[in-house]
Amino acid sequence: MRFGSTIWIYLICAVLLFIIAYTRVGQKEAVSGVRSSFVLFVEILPLIVIAMIIGGLIQVIIPQAVIEQFLGTSSGIKGIVTGSVAGSVMPGPPYASLPIVASLLKSGAGTGPLVALVTAWALWRINLIPLEIAFIGPRFMAIRFLATFIFPILAGLIAQFIVMRFVASP
C-alpha cells in the first residue's frame, strides 16, 4: 500500500487519542466519539468515491496532450494562470478536490500549474465569496481577495522554479 506508514501513524494517533479520551472523560464519551466519526465517514464517503470517479474519468476523457498544453510544465505562465483560474472555480472540500488534482498530475499537468491550482482553491474559491460577504462583509472580502491575489501565481512560479532548478536537473 502506497500510504502504509501514514496509515500506521494515523492509527497510532487514533489509538492514543482514544486512550486519552477513555481515561479523561470516560468510556461512554470515548465510544461516542468513535461512533460519530463513523457517521461522518458514511456521510462523506459518497463524495470521496464520486471525486475519485471524476478524477479517473478526467484521465480518460481529456487527452494527455490537452492537459500538457494547458497545465503542463512547458505551458509556462499560461499554465500557472490557467491552474489558478481552475482552482478558483473548483468546488468542494479537500477530500473531493485532491483526487481530481492527483488525476491531473498523472495525466501530464505540471507541478507549477497544480500548485497554483491548489493555492487558488484554498484562497480564491468563487463559491465562498457569497458566504464571506454574508458573514464578514463585502469590504473584508475584497481586502482579503486583493491581499491574496498574487499568491497562487507566485506559488506556481516558485514551484516551477524549484522543479526546474532542483528536481528536473540531472
Is it fair to say Ile100 is surrounded by 13 or more Cβ atoms within 10 Å (Cβ to Cβ) and either in contact with a Leu (Cβ under 7 Å, 6 or more places away or on another chain) or not basic (Lys, Arg) (or both)? yes
Residues of the range 111-136 being modelled with pLDDT of 95 or more and more than 15 Å from Thr148 (Cβ to Cβ), in sequence order, are Thr111, Gly112, Pro113, Leu114
Query raised in the report: So is Ala159 more than 15 Å from the chain's Cα centre (by Cα), modelled with pLDDT of 95 or more and in a helix (DSSP H, G or I) or not?
Result: yes
Scanning the range 1-42 for residues that are within 23 Å of Pro93 (Cβ to Cβ) and outside any helix (DSSP H, G or I) gives Arg2, Phe3
From the option list Leu117, Leu123, Leu128, single residue qualifying as within 18 Å of Gln59 (Cα to Cα) and part of a helix (DSSP H, G or I) is Leu117
In the set Ser88, Ser5, the lone residue that is closer than 30 Å to Ile162 by Cβ and assigned by TED's automatic domain parsing to the domain that holds Pro152 is Ser88
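The values are calculated or read from the model by the stated rules, or taken from the named source; none is laboratory data. As the structure is a prediction and not an experimental result, all values here were calculated from the model. We place every Cβ from the backbone using ideal geometry, glycine too, and count neighbours over all the protein chains shown.
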